[in-house]
Amino acid sequence: MFLADIPLNIDWQQILLHLLNFVILVGGLYFLLYSPVKKFMQKRKEHYDKMDNNAKTNLANAKQKEEEIDEKLNNLDVLLQDKRKQAETELADYKAKQIAEANLEAEAIIAKAQVSAKYEREKLLDSANKEIKDLVTEATKKVVSSSTSEIFDQFLESTKVSDQDENN
């Protein structure tokens, strides 16, 4: 009678057993397959998130280092300009010092040359004066020696005339 009341020959006990088997199968598959796969996928996601975060951190560090390098390059440009200006100033000072030393040396050489020229001039003037004196002396001696006899003759004649005048 119990079987006659069940339409289409459905056995509830069999349905419950199949349902229990299905629940056990689903629970087993969940614990054996789904949970490990889900954990694996979670670890994989965390791994790739960590890699992404590391890449972002590295990129941020690289950008920061790039900015620091750019800043250092700008500072280096300023430093090089300062060094260049300092070198130009030192070069200008050195050139001015060298020119001043050259001018002093030139003045010393000119002064020495002037003294030497003055000494040479005086020496030449003394030599010329000596030669002139010698020439004048020689000329005087020649004039005196040639005219001495004439003057002496004139003197003698004048004394003879004066003696004669006195005698007269």
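Values in this text are rule-based calculations from the coordinates and carry no lab data. Please read these numbers as outputs of a predicted model, since none were measured by experiment. So basically every Cβ, Gly included, is an ideal-geometry build from the backbone, and we count neighbours across all protein chains shown.
May I ask you to work out the translational diffusion coefficient for the chain at 10 °C, viscosity 1.306 mPa s, via Stokes-Einstein with Rh from the Kirkwood sum over Cα pairs, reported in whole µm²/s? It comes out at roughly 49 µm²/s. Helix 12-29 versus the longest principal axis of the chain: what is the Cα-based angle in degrees, 0 to 90, to the nearest 10? Helix 12-29 sits at roughly 20 degrees to that axis.
Under the rule of -39500 (n - 2.57) per DSSP H run of 4 or more residues, summed and divided by the residues of the chain, what mean residue ellipticity at 222 nm is obtained, to the nearest 500 deg cm²/dmol? It comes out at -34500 deg cm²/dmol, rounded to the nearest 500.
For Lys141, a cut-off of 21 angstrom between C-alpha atoms picks up these lysines, skipping any fewer than 8 places away in its own chain: Lys130, Lys133. At full extension, Asp93 and Lys72 could sit 4.5 nm farther apart than now, given 0.36 nm per residue minus the alpha carbon distance. With θ taken as phi - 60° and the Karplus curve 6.51 cos²θ - 1.76 cosθ + 1.60 applied, the whole-hertz 3J(HN,Hα) list for the stretch 41-50 is 5, 5, 4, 5, 4, 4, 4, 5, 5, 5 Hz, x standing for glycine and proline. Approximating the spin labels as points 7 Å out from Cα along Cα→Cβ, the Leu16-to-Glu107 distance works out to 13.1 nm. A straight chain from Lys142 to Lys38 at 0.36 nm per residue would run longer than the Cα-Cα distance by 22.6 nm. Phi-derived couplings, Karplus 6.51 cos²θ - 1.76 cosθ + 1.60 at θ = phi - 60°, listed residue by residue for the stretch 94-107: 5, 4, 4, 5, 5, 5, 5, 5, 5, 5, 4, 5, 5, 4 Hz, with x used for Gly and Pro. Here's the list of lysines a cross-link from Lys65 could span, going by alpha-carbon distance under 17 Å and ignoring same-chain residues fewer than 8 apart: Lys56.
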